[in-house]
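Here's the structure we're looking at; comments come further down.
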Amino acid sequence: MRSEKIEPGQNVEEVLQRFEVPLLQYAARITGDRERARDVVQETFIKFHRNGALSREGETATWLFTVCRNGALNVCRKERRMMYLDEEVIEARESEQPMPFDQLEQQEAAGFLLRIVAALPARQQEVIQLKFQNDLSYQQIAEIMKTTANNVGVLLHTALKTLRQRYGQLAGDFIPFKPRTTE
Amino acid sequence: MKMNLDDPKLTAYALGELDEPERSTIAHAVAKSAEAQRLIDEIQELAGALKNEFATELEKEMPALAGSHSVGGSRSLIDIRDDPWFWLIARPLAIAAVLALLAVVSGVAVFSLRRENVRVAHSVGLPPAAVPSRPADVQAEFQMPTEVTASPAVTPSAQLPFTAVAAKMAKQGGTKGGSSNYSLAQAPAHAVGGVERFRGIREPSGEFNTAAYDHIVENPFLDAKNNPLSTFSIDVDTASYSNVRRFINEGSLPPKDAVRVEEMINYFTYDYSQASDDKPFAVHVDVASCPWEMSHRLVRLGLKGKEIATDKRGSSNLVFLLDVSGSMTPPQRLPLVKQAMRLLVEKLTENDRVAIVVYAGASGSALPSTTGDHKEQILQALEDLQAGGSTNGAEGIQLAYKIATDNFIKGGVNRVILATDGDFNVGVTSQGDLIRLIEEKAKSGVFLSVLGVGTDTLKDSTMQKLADKGNGNYAYLDSLDEARKVLVQQMNGTLVTIAKDVKIQVEFNLARVASYRLIGYEKRMLRKEDFNNDKVDAAEIGAGHTVTALYEVVPVGATNPAASVPPVDPLKYSSNDRSTSTRSSSSNEMLTVKLRYKKPDGDKSELVERAVTDTDGKFENAPVDLKFAAAVAEFGMILRDSKYKGNGTLAAVLEWAQEGRGGDANGYRAGFIELVRKAQALKRG
């Protein structure tokens, strides 16, 4: 998905249509809970509506994702989901749950890569999602995640490296030779 | 300068995140390092795959939200979404395929997935210098589709076969080593799905159905009076059978045009005796009643190439040209090819040479020409091969031919062996140029073998064409079994050409034959003048190879409307009275077979001729090989739903195949019998 230039004066309805699902996915990945994610996104849009449309290009996306992220992290804090509480510590650790949302697990098929993504450390997942689902720039991601573009680069680099390795590993397994059945 | 490949800057560069002047600096460094280029390709391909999957994730949410408010408009639509076909058929099917856990097998649904990705591919195949422009292209293609498809009618039905196959795949996966961290029951299915997504960034194609099979118009019955000569080139390809087998094993009947009857017949080796003289091959002819139309005669021509013991064959100079693009990742593709090559490498000696050239976004040599006693080195190079990148076949093939030419072994086997799952993205070169290159190199004595793997992108017709022009053969590898057969058991035949430009011309005796039909070989037909014209190219026969052709002949006096030939007005100026033909009235001969061939390094053809008399043999008493060949031919015709299939049924095919099973040392015929049973079940189901 390509990040779109947000024209000044656009209405909330349009922004809603454009960002609802991406934000929902983003929040769901952070909270691991779709109902909570829905609440967070709703709140985000209410806030957006109150503050009125932003005028600077590209800022809408950054603004929405930032607010959404804060909301999602708040949910985590309230519900004592440790995942994001101590981000620096957790960064080094692999996510314990290979797939955070069970519901999706049953429905989804193609998400092989997404599954490997889901096993990455939380912040790496986040960067990957912002970059590849929402096509945000390093700078935008840095703003949303309150870090530097440099750090985003490192996170993304590390994440992609892991993905490449895991992907290769899985694909490298060879279905062993099965002797032909003779009757 | 030595490049640090583990630099976040490279990733940033690959993703188009760098600004000048940093971008140029990195671009410069990357251009000098093949390794870095490969890395960049890999990152970009992975990025494309991720975008794709994330987009799918979003897409799936869309229908759920459709009810709550209107979603639509023309935002971020890529052009193919304007195509009504896409909306009506491809998209729903694509979604169905995704939902159904798997996107591998045959069928339209899978191809539609590819269609979604097709446009991306136009960005690949650029010369390395232009690589930096790719991220932008790729991104543009992966825009999030924001429109909603409502397709309840199509989705559930399209889902079914995939679920079945997914279950099968999961089962298969259960037998593999447990080195993956993922649930064994699920991982393989997902792996395949993921891979299919991953490949989205590959080669371009203008077609919906990217597995391309040329349409085949079957040879009709021809009136012997007006067409006493039947001329064709032999065919040693076997790919169609393994491809058909894959379809059936995966639970669907093959598309008609994927069935080439002659390739199915020639998949099997027949127990023809070798030539006792110094000729490179022996010719055998048998006649029996035609089992699917008893009033007709079935004529079998069998050629047997001279066997050359493995230790007697000349030295080999082999250049493997391997497609290592991302789509080659699944176990049945690059890993299979690697496995097969390992088997072959084991057989090589210090007199043989092997080189490996890979092609993807950038092509390069993975192993310089190395003698066969350095097995470790060769195997290590094989081990190091990894899929990732996009295809540029033309550069790779040029490099491969160059290495083959540089290491040319006079009097030996000089061959480029191409293994790929798709067509070439030939970049700046057109297919015509590529074919010309291959043809030209074939003249210099470097031949080409093509090994096809994979499923949905298989450019069947292109590969067949390339192999033909390169004086080579084309085989489809659907299993290690098959790889073993092609590369090891038949290594001599696959690699050692004993005669080239082998053409067959059959002259029918008008006194005996009313009309006839050559079964299969539609793409091998030659004009009668071509037979004696040494400039006209034809196929090669390898050591130990057998080639079989069947004619269904309507004898004079037999009447059968199915075999009737459209009437032609009698000729006004020449006599067409059968009795006036020179030899026909006095001869009992049914036909004469003539063969022309050239020695592998020769330019002038030699002629072999043999007259055949029909002794009115019955099919029941026919040699087992004839029975078996007839079974395979009829099986092919039934799969093609040919109007010439006569009274044959799959049950009859089974019966004939059982009778014709013979020794079956390798179990191939048993495999065929099994396959017919599966087809029977599919037809019933």
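Cβ-Cβ distance below 6 Å, separation of 6 or more or different chains: which pairs start in segment B:225-249 with a residue that is acidic (Asp, Glu) and end on one that is at pLDDT 85 or above and buried (at least 21 other Cβ atoms within 10 Å of the Cβ)?
These pairs meet every condition: B:235/B:262; B:235/B:524; B:237/B:263.
Considering segment B:243-267 alone, what residues qualify as being in a loop (DSSP other than H, G, I, E, B) and charged (D, E, K, R)?
Those that are in a loop (DSSP other than H, G, I, E, B) and charged (D, E, K, R): B:250, B:260.
Please go through segment B:515-554 and pick out each residue that is touching a helix residue (DSSP H, G or I) at 6+ places or on another chain (Cβ under 9 Å), surrounded by fewer than 23 Cβ atoms within 10 Å (Cβ to Cβ) and over 25 Å from residue B:448 (Cβ atoms).
B:517
Looking at segment B:651-685 only, could you name the residues that are within 25 Å of the chain's Cα centre (by Cα), more than 12 Å from chain A (Cβ to nearest Cβ) and not β-branched (Val, Ile, Thr)?
Residues satisfying the conditions are B:678, B:679, B:680, B:682, B:683.
Select from segment B:400-413 the residues that are at pLDDT below 85 and not in a loop (DSSP other than H, G, I, E, B) and list them in ascending order.
Across segment B:400-413, the qualifying residue is only B:413.
Matching residues to (1) closer than 30 Å to residue B:666 by Cβ; (2) of a type in the set (Gly, Ala, Ser); (3) part of a strand (DSSP E or B):
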{"site": "B:467", "(1), (2), (3)": "yes, yes, no"}
{"site": "B:487", "(1), (2), (3)": "yes, no, no"}
{"site": "B:503", "(1), (2), (3)": "yes, no, yes"}
{"site": "B:511", "(1), (2), (3)": "no, yes, no"}
{"site": "B:518", "(1), (2), (3)": "yes, no, yes"}
{"site": "B:523", "(1), (2), (3)": "yes, no, no"}
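Yes or no, residue by residue, for (1) of a type outside the set (A, V, I, L, M); (2) surrounded by 23 or more Cβ atoms within 10 Å (Cβ to Cβ); (3) modelled with pLDDT under 80:
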residue	(1), (2), (3)
B:415	yes, yes, no
B:430	yes, no, yes
B:435	no, no, yes
B:450	no, yes, no
B:461	yes, no, yes
B:481	yes, no, yes
B:494	yes, yes, yes
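So in segment B:254-275, with the set limited to residues that are of a type in the set (Val, Ile, Thr) and closer than 24 Å to residue B:623 by Cα, which one is farthest from the chain's Cα centre (by Cα)?
Filtering segment B:254-275 for residues that are of a type in the set (Val, Ile, Thr) and closer than 24 Å to residue B:623 by Cα, the one farthest from the chain's Cα centre (by Cα) comes out as B:269.
Go through segment B:643-667 and give me each residue that's touching a Phe, Trp or Tyr at 6+ places or on another chain (Cβ under 6 Å), surrounded by 15 or more Cβ atoms within 10 Å (Cβ to Cβ) and in contact (Cβ under 8 Å) with a residue 40 or more places away in the chain.
If the condition is that a residue be touching a Phe, Trp or Tyr at 6+ places or on another chain (Cβ under 6 Å), surrounded by 15 or more Cβ atoms within 10 Å (Cβ to Cβ) and in contact (Cβ under 8 Å) with a residue 40 or more places away in the chain, then B:646, B:648 are the ones that fit.
Checking the structure you have, find out if any residue of segment A:122-130 is over 30 Å from residue B:482 (Cα atoms), among the β-branched types (Val, Ile, Thr), at pLDDT 50 or above and out of contact with any Leu (no Cβ under 9 Å at 6 or more places or on another chain).
No, every residue in segment A:122-130 fails to be over 30 Å from residue B:482 (Cα atoms), among the β-branched types (Val, Ile, Thr), at pLDDT 50 or above and out of contact with any Leu (no Cβ under 9 Å at 6 or more places or on another chain).
Which condition from (1) crowded, with 18+ Cβ neighbours inside 10 Å; (2) in contact with a helix residue (DSSP H, G or I) (Cβ under 9 Å, 6 or more places away or on another chain); (3) among the hydrophobic types (A, V, I, L, M, F, W, C); (4) within 28 Å of residue B:497 (Cα to Cα) is the one that residue B:638 breaks?
Unmet condition: (4).
Among the helices (runs of 4 or more DSSP H) lying completely within segment A:109-166, list those that include at least 2 residues that are facing another protein chain (nearest Cβ under 7 Å).
A:112-118, A:122-132
Whether any residue in segment B:16-32 is of a type in the set (S, T, N, Q) and surrounded by 17 or more Cβ atoms within 10 Å (Cβ to Cβ) is what I want to check.
No: zero hits.
The values are calculated or read from the model by the stated rules, or taken from the named source; none is laboratory data. Since we're looking at a predicted model, the values are computed, not measured. For neighbour counting, all protein chains shown are included, and Cβ atoms are generated from backbone atoms with ideal geometry for every residue, glycine included.
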